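Below is one structure, written out as structure tokens, with a few remarks after it.
The values are calculated or read from the model by the stated rules, or taken from the named source; none is laboratory data. Here the structure is a predicted model, which is why all the values come from computation and not from measurement. All Cβ positions, even for glycine, are placed from backbone atoms using ideal geometry, and neighbour counts span all protein chains on display.
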Amino acid sequence: MYGNQVLPNLLPFFEKELKIDARYSDFPQADIQVPPPMLNHAFLEELGEKDFSRRSFEKWERIMHSHGATLEEINAIRYTTLKRYADVVVYPNSTEHCEKLVKLAVKHNVCLVPYGGGTNVTKAL
């Protein structure tokens, strides 16, 4: 339906003129082998667990926070592998918690990568 109009011939028209198969379905995502996280135990111990809604070492959460949305990154995640993966994903609850996180990262020589909506197309990750 388009513009409140039923267009029963639109899909066949596109398939014929554009020579596409609208019923094509891509294969499912293959499992990805991810190296275990490299943990800075002193940093994690001092970070604690109370100032954050949670922290995650889960494989797919680490994967999803390790790439942006450039064609190169999407292709890598789909067909090969990423060059590096996040070791831990932390969800701070407030500005103060973010400040604490940054101070501890400096103290323990930990690299932080802020992550927003996941639509990064600037290869900043």
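Mind checking whether some residue in region 44-64 is of a type outside the set (Phe, Trp, Tyr), surrounded by 10 or more Cβ atoms within 10 Å (Cβ to Cβ), over 22 Å from residue 116 (Cβ atoms) and in contact (Cβ under 8 Å) with a residue 12 or more places away in the chain?
yes
Quick check on region 102-125: of everything there that is crowded, with 17+ Cβ neighbours inside 10 Å and at pLDDT 95 or above, which residue is farthest from residue 50 (Cα to Cα)?
110
Looking at (1) within 18 Å of residue 29 (Cα to Cα); (2) assigned to a helix (DSSP H, G or I), find the lone condition where residue 96 falls short.
(1)
Residues of region 30-42 being at pLDDT below 90 and exposed (fewer than 10 other Cβ atoms within 10 Å of the Cβ), which ones? Spell out the reasoning first.
In the first step, residues of region 30-42 are kept if they are at pLDDT below 90; the result is 30-33.
The answer is 30, 31, 33.
Here are 54, 62: which of them is touching a Phe, Trp or Tyr at 6+ places or on another chain (Cβ under 7 Å) and modelled with pLDDT of 90 or more?
Working: 54 fails: modelled with pLDDT of 90 or more.
Result of the check over 54, 62: 62.
Quick one: residue 106 ticks every box in (1) within 22 Å of residue 32 (Cβ to Cβ); (2) of a type in the set (Val, Ile, Thr); (3) part of a helix (DSSP H, G or I) except a single one, so which number is it?
Answer for residue 106: the failing condition is (1).
Output the residues belonging to region 19-64 that are of a type in the set (Ser, Thr, Tyr) and either closer than 22 Å to residue 76 by Cβ or in a loop (DSSP other than H, G, I, E, B) (or both). Working first, answer last.
Initial filter on region 19-64 (of a type in the set (Ser, Thr, Tyr)): 24-25, 53, 56.
Within region 19-64, 24, 25, 56 qualify.
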